[in-house]
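The values are calculated or read from the model by the stated rules, or taken from the named source; none is laboratory data. Please read all numbers here as calculations on a predicted model, not as lab measurements. Here Cβ is always computed from backbone atoms with ideal geometry, including for glycine, and neighbour counts include all displayed protein chains. The area values use the complete protein model at the heavy-atom level, side chains included, leaving out ligands, DNA and RNA. Shrake-Rupley method; radii C 1.70, N 1.55, O 1.52, S 1.80 Å.
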Amino acid sequence: MPAERNGGTAMCPGSYDPVTFGHLDIIARVANVFDNVIVAVVNQPVRKQATVFSAEERVAFIEAEVSEHANVQVKPFDTLLVDFAREHGARAIVKGLRAISDFEYEFEMNQLNRKMAPDIESIYLMSAPQFSFLSSSGVKELAMFGGDIEGLVPDAVAVRLQEELKRERN
Ligand code: PNS
């Protein structure tokens with residue numbers, strides 16, 4: 001008998017510029033535990049650098065990969081994460097943690113989000129070992145210098161990334 005999911009709604013937020021197989025692994029694992037998962041795609045520049053892909057395209061990339069999970073929805077947001085989580089009745093914010101280097105940033109975000117919404121729990125899943133080195137920025141850097149990004153991001157993302165970076169170079 002398959003295990004029951006009974007965790008309510010979880011939110012998996014991020015910039016996803018672009019989504020990687022590491023993100024998709026976390027989303028699939030969260031979807032196995034929680035009843036509903038909302039993948040929340042930041043539609044505001046939270047970093048100094050502009051995103052390579054628009055929020056609409058980042059959402060579409062993820063939607064194309066999560067269609068087998070009936071309990072996963074993908075939505076852009078441009079408000080405080082905790083407000084967006086409340087709006088959708090999410091009890092938890094779930095993120096992936098790779099190496100120690102992720103900890104400092106995630107710890108800060110955790111404290112800020114907790115201060116604003118102590119009722120919403122942040123939960124961290126350890127990355128699978130094969131994805132522990134994988135980041136969107138690493139993929140973009142490889143692609144920019146002609147490196148092989150096969151197996152790191154979905155094929156459709158790899159094709160669009162090469163196109164965008166070629167356009168930026170010209
Ligand atoms: O790891 P990322 O992709 O930079 O994460 C983005 C996000 C929104 C999850 C992180 O910046 C966060 O937790 N921010 C909390 C503050 C907030 O709500 N910012 C508004 C974003 S629209």
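Numerical summary
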quantity: Subset of segment 11-34 that is more than 13 Å from the ligand (Cβ to nearest atom) and surrounded by 21 or more Cβ atoms within 10 Å (Cβ to Cβ) - its residue that is farthest from the chain's Cα centre (by Cα); calculated: Phe34
quantity: Every residue from segment 71-83 that is more than 8 Å from the ligand (Cβ to nearest atom) and open to solvent by less than 30 Å² (accessible area, probe 1.4 Å); calculated: Asn71, Val72, Val74
quantity: Given (1) loosely packed, with under 15 Cβ neighbours inside 10 Å; (2) closer than 20 Å to Thr51 by Cβ, index of the condition Gln130 fails; calculated: (2)
quantity: Hits in segment 99-140 (condition: within 19 Å of Pro154 (Cβ to Cβ), of a type in the set (Gly, Ala, Ser) and within 14 Å of the ligand (Cβ to nearest atom)); calculated: Ser127, Ser135, Ser136, Ser137, Gly138
quantity: Whichever residue in segment 35-70 is in a strand (DSSP E or B) and within 13 Å of the ligand (Cβ to nearest atom) and, among such residues, is surrounded by the most Cβ atoms within 10 Å (Cβ to Cβ); calculated: Val39
quantity: Meets criteria (touching a Gly at 6+ places or on another chain (Cβ under 8 Å), in a loop (DSSP other than H, G, I, E, B) and surrounded by 14 or more Cβ atoms within 10 Å (Cβ to Cβ)) for Leu125; calculated: no
